[in-house]
Amino acid sequence: MSRASLSVVSDAVTVRVPAKVNLHLGVGPLRDDGFHDLVTVYQALSLYDDVRLSPSSELRVTTRGDGAADVPGDSTNLAARAVAEVARRADRSPRVAIDIDKRIPVAGGMAGGSADAAGALVGAVNLWGLDIGRDELTEIAAGLGSDVPFALHGATALGTGRGEQLMPILARGEFHWVLAIARSGLSTPAVYGELDRLRGNRSVSDVEARRPDDLMAALTSGDPRTVAPLLHNDLQPAALSLQPVLRRTLRAGIDAGALNGIVSGSGPTCAFLCADETSAVNVAAELSGAGVARAVRTATGPVPGARLLSA
Ligand SMILES: C[C@@](CO)(OP(=O)(O)O)[C@H](O)COP(=O)(O)OP(=O)(O)OC[C@H]1O[C@@H](n2ccc(N)nc2=O)[C@H](O)[C@@H]1O
Ligand SMILES: Nc1ncnc2c1ncn2[C@@H]1O[C@H](COP(=O)(O)OP(=O)(O)O)[C@@H](O)[C@H]1O
């Protein structure tokens, strides 16, 4: 019996998927396949996209919410690609309507497209009642993008390889973040390219791709004051080079009382770690008033990865 014939068709499913921040992003040299080796610590944050899948006469995707106009509505959308790949493996036709409710900033360095892909994977498996295990789902996720396995996984995790190989990390407590969302996005390949340009012929030692043991120990303590000085992003100089105005944003967050601020992944969202919830609310209010960002949000982490809201 094929896996497809085991399926139970639901009317619609909605999957909630989190954004991420990289607490550490160490970037090694450019590889022959066009990717860079990474050592990264991901944390999933309570800023979510909702991905709804329902039966339809054809595969189509619509997006509403923050930055919806910049999200492709065709087969290049990562959520549509995810559904198409699950359908191909299950030997069935991908006749699904995908409706994305966007809150994760588009091209913001918070893995919004990856989140939608992870949501669509979980959604398709549940909509069609497929017998696809966690390992196979993670393999499909990695084929869609380096960050997609983490969007499935959530919580706090160490990422190696091109970011797709995950190991859970114990993080105690709840961390309070403020996110300064920029007026325009940054392209991930452009930021990696800018890092290569800035590095020039300088040899990139393995040291830059080493496990951040101090940070991992600090995370088990649950103390944001211990974690804050250990935040690190090798892509930050490249993001600042492409959007110099981000220096002002980072400065404004520190001046407002954040423990530390960092460009999130390839940027341009800036993420500020705060001592507690009260501090985060104050920092968010000051940043909003400073006019350095298009929008300011508070979020907590870690939170779970892609999860079904309704079936
Ligand atoms: C930088 C990070 C940090 O977590 O995320 P964002 O900040 O963009 O969300 C990731 O490495 C982005 O992951 P993701 O957005 O899934 O990238 P992919 O689709 O796999 O790759 C897009 C392009 O980014 C570059 N890339 C990506 C990953 C990697 N380890 N090395 C790279 O050089 C390559 O140019 C690649 O063609
Ligand atoms: N479902 C999706 N949501 C957002 N962007 C998508 C999606 N599918 C494809 N994309 C494309 O991926 C690019 C990167 O988007 P995103 O994942 O939001 O940013 P980042 O890589 O900085 O985390 C966008 O500019 C967009 O063209």
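Read the figures in this text as sums done on the coordinates, not as results from a lab. Here the structure is a predicted model, which means the values were calculated and not measured. All Cβ positions, glycine included, derive from the backbone under ideal geometry; neighbour counts span all protein chains shown.
Structure data summary
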| quantity | calculated |
| --- | --- |
| Zero-based 5 Å bins, Cα pair distances in region 4-169, whole percents | 2, 10, 19, 21, 19, 15, 10, 4, 1, 0 |
| 0 to 90° range, to nearest 10: angle between helix 112-127 axis and the chain longest Cα axis | 30 |
| Cα gyration tensor of region 175-301 - equivalent ellipsoid semi-axes, whole Å, descending | 25, 20, 10 |
| Largest-first principal axis extents of the Cα set of region 116-194 (Å) | 41, 33, 25 |
| Structure-based [θ]222 nm, the chain - -39500 (n - 2.57) summed over DSSP H runs of at least 4, per residue, nearest 500 | -9500 deg cm²/dmol |
| Viscosity 1.567 mPa s, 4 °C: Kirkwood-radius Stokes-Einstein D of the chain over Cα pairs, µm²/s | 66 |
| Computed label-point distance, nm, for sites Ser75 and Ser241 using a 7 Å Cα→Cβ extension | 3.7 |
| Rg/Rg_globular for region 156-229, with Rg_globular taken as 2.2 N^0.38 Å and Rg from C-alpha atoms | 1.40 |
